[in-house]
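The values are calculated or read from the model by the stated rules, or taken from the named source; none is laboratory data. In this text, all values refer to a predicted model and were calculated from it rather than measured experimentally. Don't worry about glycine lacking a Cβ; one is built from the backbone with ideal geometry, like all the others, and counts go over all protein chains shown.
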Amino acid sequence: MATQHSRAAARLMISPAVGVLLIWMIVPLAMTLWFSFQQYNLLYPDRTGFAGWDNYRYFVTDFRFGAAIRNTLVLVLGVLAITTIGGILLALLLDQPFRGQGIVRLLVLAPFFVMPTVSALVWKNMFMNPVNGFFGHIAQAFGAQAGFDFLGQAPLMSVIIMVAWQWLPFATLILLTALQSLDREQIEAAEMDGAGAWSRFVYIVLPHMTRAITVVILIQTIFLLSVYAEILVTTNGGPGTASLNLPFLVYLASIVDNDVGMGAAGGVIAIILANIVAFFLMRAIGKNLET
Amino acid sequence: MARAVSARRSLLTGILAWTIGLVIFFPILWIVVLSFKSEGDAIAAPLAMLRAPWTFEAYAEVQERSDYFKHFWNSVVISVGSTLIGLLIAIPAAWAMAFVPGRRTKDLLMWMLSTKMMPAAGVLVPMYLIFRDFGLLDTLAGLVGVLTLINLPIIVWMLYTYFKEIPGEILEACRMDGADLKREILYILAPMAVPGIASTLLLNVILAWNEAFWTLRLTASDAAPLTAFIASYSSPEGLFYAKLSAASVMAIAPILILGWFSQKQLVRGLTFGAVK
């Protein structure tokens with residue numbers, strides 16, 4: 001009786017959140033799908049009507065599409081490799097007792113709070129600029145004419161460095177939190193039984209961290225699939241298509257080229273890609289709800 | 001003997017950890033230094049630059065361009081505004097889900113989370129057109145709305161994990177003692193919920209402050225927050241290292257300090273409660 005009443009109240013309290021999220025999910029998604037099958041180019045307003053799969057065909061056969069997919073994968077995998085492996089090592093290091101532990105933690109964490117446009121511009125100008133950047137100055141001090149032209153010669157690698165710098169703190173912080181919940185007695189017991197450092201790591205520490213590592217990888221993948229600001233303010237996708245990723249190609253198609261239909265088709269492809277990752281992430285998080 | 005070994009080990013660990021920590025922090029430290037140099041000195045070689053006189057010139061210049069404070073204020077309005085509206089919608093929802101869980105609560109939570117998985121690029125086209133047709137392009141109201149929706153799932157989730165930790169038995173005990181609903185909420189629940197709400201607020205302000213897709217795409221000048229203001233330095237005129245450094249320092253300092261304070265809550269919020 002009381003529960004009947006409180007259930008109704010609960011439903012009432014939940015409905016605004018569900019309502020706005022439902023609208024937020026359905027309206028843009030439906031519009032993206034709709035536009036992706038329409039002829040809709042802001043430069044040719046008289047050409048309208050059903051386009052069938054044309055937009056998808058144009059997007060997939062665009063000379064930039066192959067590069068965009070490849071760069072998206074390289075960017076995601078590159079940053080994941082650096083941040084996950086680096087994060088595990090850093091977490092293990094910061095978990096050891098030493099003087100000033102708290103301060104070092106703050107230093108390592110800091111890049112995560114730097115807004116993407118600041119991070120990208122600072123790396124581009126103050127560090128990677130071959131003449132006036134920090135690395136350029138170092139190279140000149142060793143007698144070189146100019147430093148390595150990061151953004152010209154290795155644009156994708158440079159973007160990976162910038163993004164990894166921002167996400168390494170995230171991985172480290174979460175893995176460190178997981179590490180600190182490890183039962184110390186288990187480690188000590190293994191030590192007494194004669195297990196070396198390596199086997200302690202492989203058989204006790206790593207299994208304990210598996211969940212956290214999975215979560216780090218999946219959450220980062222969601223964010224890394226949509227890296228945009230870093231590319232916009234540094235390379236603009238270039239030179240050529242060297243640092244173009246999928247979100248950036250969608251932006252180029254729909255906003256710069258004014259082809260709304262083609263951009264929408266690219267958007268649908270991006271959504272499908274993200275949902276494949278999301279499926280696994282949701283399963284990993286959902287398991288935690290049971291307990 | 002054992003103690004001597006472990007003391008030496010801890011010293012070595014310390015040196016290694018401090019070195020790595022400083023290397024990671026170095027870019028931030030470097031722009032702080034550059035921001036206190038003149039434009040000419042800022043592009044000099046590191047040693048010459050360090051020896052050059054210190055000055056507030058760059059800060060003065062960035063502030064003189066009166067638009068800096070407009071963008072700073074826009075960032076404040078967007079991040080705090082979207083967070084407060086988000087809390088207003090999310091607190092009742094998280095509350096109900098934590099204290100009156102139904103059969104569907106778990107599915108509902110997972111569904112909310114799934115809306116967060118939609119890549120921004122996927123809905124850029126319709127959002128841009130909606131904003132254009134409703135006259136929301138380059139308005140604070142429009143951006144506050146979008147950022148509220150983007151971060152609402154995280155707010156609900158974080159609040160839910162906090163509220164779940166409030167023992168339900170306390171409520172029953174209150175009811176036995178004859179407290180009415182108003183008192184129950186005011187004197188018992190609110191004080192227990194405040195810390196969770198505060199950390200949710202903090203994390204969400206940080207996320208909204210640094211959001212750099214919609215803030216770049218849906219603004220031009222009037223409603224542009226600091227993310228967009230800084231982006232305007234990507235095609236500058238003349239020497240700009242000191243000015244860019246000063247603007248950057250001012251843009252990241254408040255959030256860096258907030259972030260350092262909230263590092264514990266960060267883990268819970270960013271992993272949707274999966275790692276605590």
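So how many residues does region A:93-114 have that are over 10 Å from A:Thr172 (Cβ atoms) and either touching a residue at least 12 places away in the same chain (Cβ under 8 Å) or of a type in the set (D, E, K, R) (or both)? Write out each step before concluding.
We begin by selecting, within region A:93-114, every residue over 10 Å from A:Thr172 (Cβ atoms); these are A:95-104, A:106-107, A:110-111, A:113-114.
From what's left, either touching a residue at least 12 places away in the same chain (Cβ under 8 Å) or of a type in the set (D, E, K, R) (or both): A:95, A:99, A:110-111, A:114.
The total comes to 5.
Only one of (1) more than 10 Å from chain A (Cβ to nearest Cβ); (2) among the polar types (S, T, N, Q); (3) outside any loop (DSSP other than H, G, I, E, B) is not met by B:Thr219, so which one is it?
Here B:Thr219 meets the rest and fails (3).
Go through region A:167-190 and give me each residue that's loosely packed, with under 13 Cβ neighbours inside 10 Å and assigned to a helix (DSSP H, G or I). Lay out the reasoning, then the answer.
As a first pass, look at region A:167-190 and keep what is loosely packed, with under 13 Cβ neighbours inside 10 Å: A:180-181, A:183-185, A:188-189.
Those that are loosely packed, with under 13 Cβ neighbours inside 10 Å and assigned to a helix (DSSP H, G or I): A:Gln180, A:Arg184, A:Glu185, A:Glu188, A:Ala189.
Can you tell me which residues in region A:270-284 are within 9 Å of chain B (Cβ to nearest Cβ) and touching a Leu at 6+ places or on another chain (Cβ under 7 Å)?
Within region A:270-284, A:Ala270, A:Leu273, A:Ala274, A:Val277, A:Leu281, A:Met282, A:Ala284 qualify.
Looking only at region A:13-56, how many residues end up being part of a loop (DSSP other than H, G, I, E, B) and modelled with pLDDT of 85 or more?
Residues in region A:13-56 being part of a loop (DSSP other than H, G, I, E, B) and modelled with pLDDT of 85 or more: 1 in total.
Within region A:1-40, can you find the residues that are out of contact with any Gly (no Cβ under 6 Å at 6 or more places or on another chain), more than 9 Å from chain B (Cβ to nearest Cβ) and crowded, with 18+ Cβ neighbours inside 10 Å?
A:Phe37
Return the total of residues in region A:247-258 being surrounded by 24 or more Cβ atoms within 10 Å (Cβ to Cβ) and either facing chain B (nearest Cβ under 7 Å) or without any contact (Cβ under 8 Å) to a residue 12 or more places away in the chain (or both).
The number of residues fulfilling the criteria is 4.
Looking at (1) assigned to a helix (DSSP H, G or I); (2) facing chain A (nearest Cβ under 9 Å); (3) buried (at least 16 other Cβ atoms within 10 Å of the Cβ), find the lone condition where B:Asp41 falls short.
B:Asp41 satisfies every listed condition except (2).
Please verify whether A:His137 is within 11 Å of another protein chain (Cβ to nearest Cβ) and either free of Cβ contacts under 8 Å to residues at least 40 places away in the same chain or small (Gly, Ala, Ser) (or both), treating the condition exactly as stated.
The answer is yes for A:His137.
Quick check, is B:Ile28 surrounded by 13 or more Cβ atoms within 10 Å (Cβ to Cβ) and in a helix (DSSP H, G or I)?
Considered against the rule, which asks whether it is surrounded by 13 or more Cβ atoms within 10 Å (Cβ to Cβ) and in a helix (DSSP H, G or I), B:Ile28 comes out as yes.
Going through region B:214-251 one residue at a time, which ones are without any contact (Cβ under 8 Å) to a residue 24 or more places away in the chain and charged (D, E, K, R)?
B:Glu237
Mind telling me which of the residues A:Gly261, A:Gly267 ends up being buried (at least 17 other Cβ atoms within 10 Å of the Cβ) and within 8 Å of chain B (Cβ to nearest Cβ)?
On the way: A:Gly261 fails: within 8 Å of chain B (Cβ to nearest Cβ).
Within the list A:Gly261, A:Gly267, the selection yields A:Gly267.
What is the number of the single condition among (1) within 19 Å of the chain's Cα centre (by Cα); (2) outside any helix (DSSP H, G or I); (3) buried (at least 23 other Cβ atoms within 10 Å of the Cβ) that B:Met117 does not meet?
Checking B:Met117 against (1) within 19 Å of the chain's Cα centre (by Cα); (2) outside any helix (DSSP H, G or I); (3) buried (at least 23 other Cβ atoms within 10 Å of the Cβ), the one that fails is (3).
Please enumerate the residues belonging to region A:192-246 that are within 14 Å of chain B (Cβ to nearest Cβ), at positive phi and surrounded by fewer than 22 Cβ atoms within 10 Å (Cβ to Cβ).
Hit for region A:192-246 is A:Asn236, nothing else.
Of the residues that make up region B:64-87, is at least one touching a residue at least 12 places away in the same chain (Cβ under 8 Å), within 7 Å of chain A (Cβ to nearest Cβ) and in a helix (DSSP H, G or I)?
no
Which one of these does B:Leu129 not meet: (1) surrounded by fewer than 20 Cβ atoms within 10 Å (Cβ to Cβ); (2) touching a residue at least 24 places away in the same chain (Cβ under 8 Å); (3) facing another protein chain (nearest Cβ under 8 Å)?
Unmet for B:Leu129, out of (1) surrounded by fewer than 20 Cβ atoms within 10 Å (Cβ to Cβ); (2) touching a residue at least 24 places away in the same chain (Cβ under 8 Å); (3) facing another protein chain (nearest Cβ under 8 Å): (2).
Hey, B:Phe272 hits all of (1) outside the structural domain of B:Gly122 (by TED's automatic domain parsing); (2) surrounded by fewer than 22 Cβ atoms within 10 Å (Cβ to Cβ); (3) touching a residue at least 40 places away in the same chain (Cβ under 8 Å) but one; which does it fall short on?
Just one mismatch for B:Phe272, condition (2).
Looking at the structure I just gave you, is B:Thr83 of a type in the set (Val, Ile, Thr) and at pLDDT below 90?
No; evaluated as a whole, the condition is false for this residue.
Scan region B:96-103 and tell me whether some residue there is of a type in the set (A, V, I, L, M, F, W, C) and at pLDDT below 85.
There is at least one residue in region B:96-103 that is of a type in the set (A, V, I, L, M, F, W, C) and at pLDDT below 85.
Of (1) surrounded by 14 or more Cβ atoms within 10 Å (Cβ to Cβ); (2) within 11 Å of chain B (Cβ to nearest Cβ); (3) hydrophobic (A, V, I, L, M, F, W, C), A:Leu75 satisfies all except one. Which?
(2)
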